[in-house]
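Okay, so here's the structure we're looking at.
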């Protein structure tokens, strides 16, 4: 349940690792906007569930984990009894609709399983899932005629015009198929489904919320009841069943990216029968296998809860996006077949390039290579000739900035996890990075920076492009492509063009070359940054920490500057209304609740005070990650917050993906063993570990003391043992 | 051009026999309804073109021929020069939009080719087509920057909400792909396209007529110009080209039922190059081959014009509906592959079962069998388990009444054109006819008639069901399925249940068994009939003419009754606002402009006065079919009006499809030879033929004088000669 309260934006429902189905309760389905007017409350419902709510609207089959914008929430199902209600009703007046009250006392979530009692109807709801099929089990307490609502209007971030089209067929008395097309965050999105009931439908019907006038034939039918072919923009359906006391009604709902035929096929392949218990057990076992990749033999329950929940969240996405036979929808809206790889979707790359994909290079190398193959297929299909920016369900949603696919690909190639066409990948990376019409990029290429008067958040863009370009250059270097290397290594230094030596901060420049006037380096609003202020973003040169430190006045001054960041005060007004930055995620002026700062605590490693990294990291691990529904200090962002936690708990972190190097921090665990897919294992031990002993006296790798606070990816992958010797006071001599 | 004025509803554009593409000028694109309010003027534009109009809006790629309700009009293209206009403008103020004036002097249409000068822009427009690809050739008179409009809002019967979604990609500087989804007469309809230009696009852009508010990312792009990925409900695009004086811009636009990839494939397969002339010649040759199936060596130009235009119209539909590799969209909205047959769509069956499909059994037997295979595939995919009623583009639109697929299938089986699974077909027929929830059918099955107070047009439905049931029984008989035969032969007599002996007319009955009060047997409004009155519909028992005649008082009385029909007066008020019934199509109270009466002139054959059939038929042939744009006296109804003309011109007609028998009339040609696909030929000769000599003195088949006014289908198919000996006075002894 961690992250299901406040701004964590995680969901508690049933899913498999990287599964296509995320079957989870939605506690509200309020619209994103009505008549164009934004509803700020919707942000709470990015994952459909808010722990503070008292009602469940129903259980829908697709959810993002931890995102700061949203979509999905497809095919919401709700069992009810008594008078048939076809509208969801409201949280403040649950009886006005089909939703039900629930309580956390009668609720339980575990990997692959969720249950809650629907108090208004005396129904016990249980959910489990295979990769492409959600399975429901509803136990009705009384013998009576009961209903199942299939709400095809409901959705997450439901713009008033989000539902473009819905098509439903009641194929026979237990099988329903169809699709819905939405125009939400994903612009042109169709999801097909097949839904099967464990007992025959007694009667069914629909309400259309968009009745259109007569179109060329008079009413031949009563289309509202027992009429098996339904279509329109906004439709809700009900299915009635005669239930016995304590009888269980089971429902399977499979999805497909390409066809209802595909959904039926997926259902038959993954859950042919009706054994809920066995599906649940299989889901549990699948999770266990994944989570056991890191063994924590010596930790207490709280540490394990935090750590394995982070592992769980890290393995929720990107999600598999294809039928069992490999068919999936491409960006060209044609059906494609994944040939020799698993196709993935939902790439929240501005977040996940930082630590999640690097983590996959250690714990999920095969999947990460397949994710890159999926990105290359995206590039192939993209009419822009671009790798994904933030993509889901065969659509680019263009969210956030940069082109961080290149970081993910570079990191994998540099680390040797390169079971894909690397020459083609380099071409895709460089082509993407030359798309002039993308987000100020032509200015950046022409001038060496994005001018703020031409394109907002210009400093963030310039800095992130420069890092991405460095990542491309690393691949060009490895492949001996000198011209590409020269082109992009030059661009990788453009960060200098937005640095103002006088103030010591990154600052927006205008088209005429001058720096923006009236500048506030604390403010997150309109200063040339996105989801951050200059204090934080000025430290974003992960590719060249040394050069950045020199530029900013040298190690000593920089170390003190970092100290200020962690200790100064950032008044609320500077981050009010900036998504994903909240008081909970802040330490001083350091914003852990959002991504741009995630590498910052490790930057002391490049000064003479690496011990300051150590205590900051331990402070963050302790303060910003807690058990309990409100344990996350910001959006989990599809696993990036969790990946930071996993790396940092283990004592190392990938400051610059695309480099094989990890910066060392201060592990919070006593002992951890990483079981690698190559059969090797890598153990991290923290001797003399305690809440007080947050400082690292020395570190040895396979018995050899390290003379610098870094290890290499290869050190991990060949297996071995990393031992941290912990102490309550800093080793101010550092690693040399 | 015949039928392009007034109510013919034919289009003059370029198409192949049964081709998927119908590339034709649209002279207006007015909406069917705005805000739910019907616009009666739209009816004129069922085929997009009205001969009296003075402007062409553009050239769209899909059209129905002759229908009385409509849809389609996809992908309208218009070349323009000068100031870019993105709206179509109006007929009354053409300069207000991109449309252009044109004149019939500078217009020409022939099979597979259409040309018109676009006077406002000095552009000569030429169109031709292969089956799945439309080819445009625009000759610009001046050297200047010119535009091509791609209007994705335009459509035929454009309900204000018809456009559900549009998706466009500018793949490169000559290729554009995408699809549009509409909710018109076809409820859930997607058509994919690929459009290729003969020279590179200079610049392009779009206007969206449905800009939605921000959906989760700020504007990263100028999406209005040179941005290659466009989607939304209502979109118009422009493409600019630098044209030289007298330079030709060529455009190919291919369609596909399943994917833009399929459209590209179709284009490559059918028109790989840019040779407009050769495509035009090939289209012409293809038409010639089809039209030469009936040779008319002795006729004058006028007769040939009328006859071959009728042949042309008869061969416009149903249309091929699959990619070159056989893929098509099924009713379940999944992609299917036609295995061993050509899949067809657009079945206007209430019209075409009467004479068009019987004509196909003679002149297009292979296509007719494939059409039946397409109907059986429809049945297979239908969630209702029903054969098509009126279907197009993977949708049932349910238009008109009955289930006349069964007539088409029965006619083919009875006539031995049965290269399909006949046992499966009988099952499909009987299952269709037992769908209780369809259009009063349960009442019909329970009570032997449809009660008018339960379901309108009840008499028409009862009569047509009874005929259809007889058609099913014929197949059951042939296959020895006695139970099915008994079931449906019983139902075939239900026509008796709506006959009121007192008045001698068919009359609606109510649920309680009583006849409707306040009945007017002349009125077409609200009397229990559809597009007809009791006078006409009371004669609709094609399966049992003898029994009907006996029921109505015997031969003599019936003959006089028919005389009254042709000579009495039908005041306008009785058919005002009844679609497809106009003064032009009426003789007395006989309505030739619409289908329910088409068999009536032949009914004298079952009395002692067959000569009265002869003069009526010749009168109809002469008065109701003329050369000239306004030559058709009613909607051509996808070839049914034309098929009546062809049969009747040749001297015989299928009064009851499902019977192998043709009733003889009075041929209007001197000599015709039918070249049959089986290598045989069948010649009809009318000795002593003239406008005055409309009576048949005697008839011989292969030299043997007939003793009754009927021939059999087999008589035709084995080849031979039918000779009519014409005279100016009736042979009142008849055939015996």
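Readers should treat all values here as calculations from the given coordinates under stated rules, not as data from a laboratory. In this text the structure is predicted, and so the values were computed from the model without any measurement. Don't worry about glycine lacking a Cβ; one is built from the backbone with ideal geometry, like all the others, and counts go over all protein chains shown.
Computed over every Cα-Cα pair of the stretch B:1-116 and binned at 10 Å starting from 0, the pair-distance distribution P(r) comes out as 14, 47, 32, 6 percent. Listed by Cβ neighbour count within 10 Å, with the fewest neighbours leading, B:275, B:351 appear as B:275, B:351.
Need one word for the stretch A:165-256: rounded, prolate or oblate. Basis is the Cα gyration tensor (sqrt eigenvalues a ≥ b ≥ c); a/c below 1.5 gives rounded, then a/b vs b/c decides. Taking the square roots of the gyration eigenvalues as a ≥ b ≥ c, the stretch A:165-256 is oblate.
Listed from fewest to most Cβ neighbours within 10 Å, the set A:546, A:521 follows the order A:546, A:521.
Full extension of the segment from residue A:479 to residue A:281, taken as 0.36 nm per residue of separation minus the current Cα-Cα distance, would add 66.7 nm. Assign one of three labels to the stretch B:491-570, namely rounded, prolate or oblate, based on the Cα gyration tensor with a ≥ b ≥ c the square roots of its eigenvalues; rounded applies when a/c is under 1.5, prolate when it is not and a/b is larger than b/c, and oblate otherwise. It comes out oblate by the Cα gyration axes. Once you have a ≥ b ≥ c as the square roots of the Cα gyration tensor eigenvalues for the stretch A:227-351, tell me rounded if a/c is under 1.5, and otherwise prolate or oblate according to whether a/b is larger than b/c. Oblate.
May I ask for log10 I(q)/I(0) of the protein assembly as shown at q = 0.04, 0.05, 0.06, 0.07 Å⁻¹, from a Debye sum over the Cα atoms as equal point scatterers with solvent left out? Results for the protein assembly as shown at q = 0.04, 0.05, 0.06, 0.07 Å⁻¹ read -0.31, -0.47, -0.65, -0.83.
With contacts taken as Cα pairs under 8 Å and at least 6 residues apart, the stretch A:317-387 reaches a relative contact order of 31 percent.
The value given for the stretch A:525-631 is a Kirkwood hydrodynamic radius of 14.4 Å, derived from the mean inverse Cα-Cα separation. With all pairs of separate Cα atoms included, the stretch B:97-245 yields a Kirkwood hydrodynamic radius of 17.2 Å. Pairs of Cα atoms nearer than 8 Å and 6+ residues apart set the relative contact order; for chain A it is 12 percent. Across the identical copies, the label point of residue A:203 (7 Å from Cα in the Cβ direction) is separated from its matches by 6.4 nm, in order from shortest. Sorted from nearest, the other copies put their residue A:92 label points 5.0 nm away, the label point being 7 Å from Cα in the direction of Cβ. Beta bridges per DSSP, both residues in chain B: antiparallel share near 95 percent. Site pair residue B:105 and residue A:34 shows an inter-label distance of 6.2 nm when each label is modelled 7 Å from Cα along Cα→Cβ.
Report, to one decimal in Å, the Kirkwood hydrodynamic radius for the stretch A:614-677 based on all distinct Cα pairs.
Every distinct Cα pair counted, the radius reaches 12.7 Å.
Plainly put, the tip 7 Å out from Cα toward Cβ on residue A:519 is 9.3 nm from that tip on each other copy, the closest given first.
Simple spin-label estimate for residue B:305 and residue B:551 gives 4.4 nm between the two label positions (7 Å along the Cα-to-Cβ direction from each Cα). Per-residue ellipticity at 222 nm, computed for chain A from helices alone with -39500 (n - 2.57) per DSSP H run of at least four residues, works out to -7500 deg cm²/dmol. Only alpha carbons enter this Debye calculation for the stretch B:297-454, each as an equal point scatterer, and the log10 of I(q)/I(0) it gives at q = 0.08 Å⁻¹ is -0.26.
Computed FRET efficiency, Cβ-Cβ of residue B:427 and residue A:207, R0 35 Å: what is it to the nearest 0.05? Present the calculation step by step, with values, prior to reporting the outcome.
Numbers: r = 35 Å, r/R0 = 1.00.
The calculated FRET efficiency here is 0.50.
Scaled to the globular estimate 2.2 N^0.38 Å, the Cα spread of the stretch B:636-736, given as radius of gyration, is 1.05. Averaged over peptide A:323-336, the number of partner chain Cβ atoms lying within 10 Å of each residue's Cβ comes to 3. Using equal-weight Cα scatterers in the Debye expression, the normalised intensity of chain B in log10 at q = 0.06, 0.07, 0.09, 0.10 Å⁻¹ is -0.36, -0.48, -0.80, -0.97.
Taking neighbour Cβ counts within 10 Å as the exposure measure, how do B:305, B:289, B:166 sort from fewest upward?
Lowest count first: B:289, B:305, B:166.
Between residue A:119 and residue A:325, the contour length at 0.36 nm per residue exceeds the Cα-Cα span by 70.1 nm.
What the Cβ-Cβ distance of residue B:627 and residue A:54 gives, at R0 = 45 Å and to the nearest 0.05, is a FRET efficiency of 0.05.
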